[in-house]
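As structure tokens, the structure follows; a few thoughts come after it.
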Amino acid sequence: MKRRCFGILFLLSLQTAIPEKFNVIGPERPIIISVDEDVVLQCQLEPGMSLDNLEVRWFKSDFTSPVHLYTGGQDQPNVQDKAYQGRTELFKEEFPRGNASLKLKKIKASDEGTYTCFIDSKSNYEEAVINLKVGGIGHQPWIHLEGINNQGVHLVCKSDGWYPEPDVQWLAGSGQVVTPQSVTTHKRDSSGLFTVLTQIDVTSDSVNRFSCLIQNSLLNKEEEAHLQISEAFFPKVNTWLVIFWVAAVLVITAIALDIIFHRRKLRKIKELQLFCALEGYGDLKIDYASVTLDKETAHPELEVSEDRKRVRWIGTSRSLPDTNTVWPCVLGSEGFTLGRHYWEVEVAENREWNLGFIAESVDRKGLIELKPENGFWAIGLLGNQFVVNSSNPPDISLHDIPRRIGVYLSYKSESVSFYNAETKCHLYTFPKNTFTEKLYPFLHTSKNEWLKICPSSVKGFWH
């Protein structure tokens, strides 16, 4: 009986014996993974034997601050690098077969680097080195027209969430690469991802369609944005020469222009009075809406004041939930499905804005032209150029840039109108539309100056 027990113990000792020499094998090629995904760093002991009584240590640059440590028959989270706590896991069920692979969860840009799989049997130790490369695909780029100068039209393209620094390419509508004319900067955020800002001055071509292409060469993926520019935005003559002659004409004809201006102002007031009479203001109630802004709909790079009456572009993302929008806008807190409503916005020194009404169903995840057929009734300002976002925009010529804009919605009459609230002049009324859903006030800007919603006590405007 004693001889039989001794034989069993001898066999068990043979099964659990650890050879003096063993190898640790890992992948030879780098592992490539995307941000926020999980990855398995493979590590195998050869010959295959149980790891239960061995030390398995994963680390990057610091042996004493492990990514994950297993020793004494259990994990040792108390010595683990804080950056990896709660994000690592060994495959214990695979230990009998010598599998020491590590699962790393919710990959960050900072996780990129060289990892060492170190196995120690007390009598011998070996290690394998694994190279992990991390890639991040950013949000769809947002491209917009920022201004007009002597070199043509100034375009800006922006996107965040990239890793590593992506490649940027500008293309004209004909397919011509115009990247050498651009200036591109990369800014790293607190999570290690890059925000790309690229700017370029372009001139008119046969199509006037320009594209901003941002590429991640590691993941072999890309995001692209397009912008179609009206021919009217491209200067055709020497701007300084035009300014000289205009100035000369203004000096010579100053008195005549002053008379014309005042007559035009009176004519505009009469137009407004006629418009009001046709709308029947004496019989129907107008809601002088006290518009407030809905912070939940604001783009992360916009700052909305505490009283929700002002908004401006600050250029850096705030810690906000996903607003499902790629362009810097914010909606009003209340929408309208009937009645007549009037509100005013002080634009002051802001030289880049759009404002008006937006349909409730508009998908703000992608770039979209601000036209009625897309659910927008809006006017805007780009530099010193007024823009009416309609399919057939009129030419609006104003002697002074308005500092305050009046916005009027008549849901029943299916019309949206805009006014210079200081001079009481009618600016533009969109042709009759068919309203079938709720309309929300909206503001858009990519400048740091405030857009301010004025108090609702503006009834004197109509008298």
Practice item. Return yes or no: is Val407 out of contact with any His (no Cβ under 8 Å at 6 or more places or on another chain) and open to solvent by less than 10 Å² (accessible area, probe 1.4 Å)? Key: yes
Revision key, fill the gap. Expected single match for open to solvent by 30 Å² or more (accessible area, probe 1.4 Å), polar (S, T, N, Q) and closer than 14 Å to Leu54 by Cβ among Gln85, Gln74 is Gln74
Exercise for review: Give me the pairs, please: first residue somewhere in the stretch 181-202 and within 24 Å of Gln228 (Cα to Cα), second residue anywhere and assigned to a loop (DSSP other than H, G, I, E, B) and open to solvent by 60 Å² or more (accessible area, probe 1.4 Å), beta-carbon distance under 6 Å, and either six or more positions apart or on two chains.
Suggested key: Asp201/Gln151
Exercise for review: Return yes or no: is Asn350 within 12 Å of Leu443 (Cβ to Cβ) and not in a strand (DSSP E or B)?
Suggested key: yes
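Please specify each residue of the stretch 101-121 satisfying the condition of being open to solvent by 50 Å² or more (accessible area, probe 1.4 Å) and in contact (Cβ under 8 Å) with a residue 60 or more places away in the chain. Steps first, answer last, please.
Let us first name the residues in the stretch 101-121 that are open to solvent by 50 Å² or more (accessible area, probe 1.4 Å), namely 103, 105-106, 108, 110, 112, 114.
Lys103, Lys105, Lys106, Lys108, Ser110, listed by residue number.
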Exercise for review: Restricting attention to the stretch 318-341, report how many residues are at pLDDT below 90, out of contact with any strand residue (DSSP E or B) (no Cβ under 7 Å at 6 or more places or on another chain) and not aliphatic (A, V, I, L, M).
Suggested key: 7
Exercise for review: Could you give me the residue pairs with C-beta distances under 8 Å whose first residue belongs to the stretch 126-142 and is of a type in the set (Lys, Arg), whose second residue is assigned to a strand (DSSP E or B) and surrounded by fewer than 16 Cβ atoms within 10 Å (Cβ to Cβ) wherever it lies, and which are 6+ apart or on separate chains?
Suggested key: Lys133/Ile32
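Only residues that are open to solvent by 60 Å² or more (accessible area, probe 1.4 Å) and in contact (Cβ under 8 Å) with a residue 60 or more places away in the chain: list them for the stretch 410-445, please.
Lys412, Lys424, Lys438 - these are the residues of the stretch 410-445 that are open to solvent by 60 Å² or more (accessible area, probe 1.4 Å) and in contact (Cβ under 8 Å) with a residue 60 or more places away in the chain.
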**Study point:** Checking Leu355 against (1) within 18 Å of Thr429 (Cα to Cα); (2) modelled with pLDDT under 90, the condition it does not meet
**Key:** (2)
Check your understanding: When the stretch 428-463 is examined, which residues are found to be over 13 Å from Glu346 (Cβ atoms), in a loop (DSSP other than H, G, I, E, B), at pLDDT 85 or above and in contact with a Phe, Trp or Tyr (Cβ under 8 Å, 6 or more places away or on another chain)?
Key -> Phe430, Phe435, Lys438, Ser446, Lys447, Asn448
Check your understanding: Since Pro180 meets every condition but one in (1) open to solvent by 60 Å² or more (accessible area, probe 1.4 Å); (2) within 23 Å of Ser317 (Cα to Cα), which condition does it not meet?
Key -> (2)
Review point. Does Trp142 meet the test of being under 23 Å from Gly380 (Cα atoms), out of contact with any Pro (no Cβ under 6 Å at 6 or more places or on another chain) and surrounded by 18 or more Cβ atoms within 10 Å (Cβ to Cβ)?
Key: yes
Check your understanding: Any residue in the stretch 394-401 that is open to solvent by 40 Å² or more (accessible area, probe 1.4 Å) and modelled with pLDDT of 80 or more?
Key -> no
Point to revise | For Val134: the one exception among (1) hydrophobic (A, V, I, L, M, F, W, C); (2) open to solvent by 20 Å² or more (accessible area, probe 1.4 Å); (3) at pLDDT 95 or above | key: (2)
Review point. Given (1) under 15 Å from His226 (Cβ atoms); (2) touching a His at 6+ places or on another chain (Cβ under 9 Å); (3) surrounded by fewer than 16 Cβ atoms within 10 Å (Cβ to Cβ), where does Glu165 come up short, assuming only one miss?
Key: (1)
Practice item. Assess whether Gly98 counts as being open to solvent by less than 10 Å² (accessible area, probe 1.4 Å) and either within 12 Å of Ile33 (Cα to Cα) or touching a helix residue (DSSP H, G or I) at 6+ places or on another chain (Cβ under 8 Å) (or both). Key: no
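The values are calculated or read from the model by the stated rules, or taken from the named source; none is laboratory data. Model, not experiment: these values are computed from the prediction. All Cβ positions, glycine included, derive from the backbone under ideal geometry; neighbour counts span all protein chains shown. Accessible surface areas use protein heavy atoms only, side chains included; no ligands, DNA or RNA. Shrake-Rupley method; radii C 1.70, N 1.55, O 1.52, S 1.80 Å.
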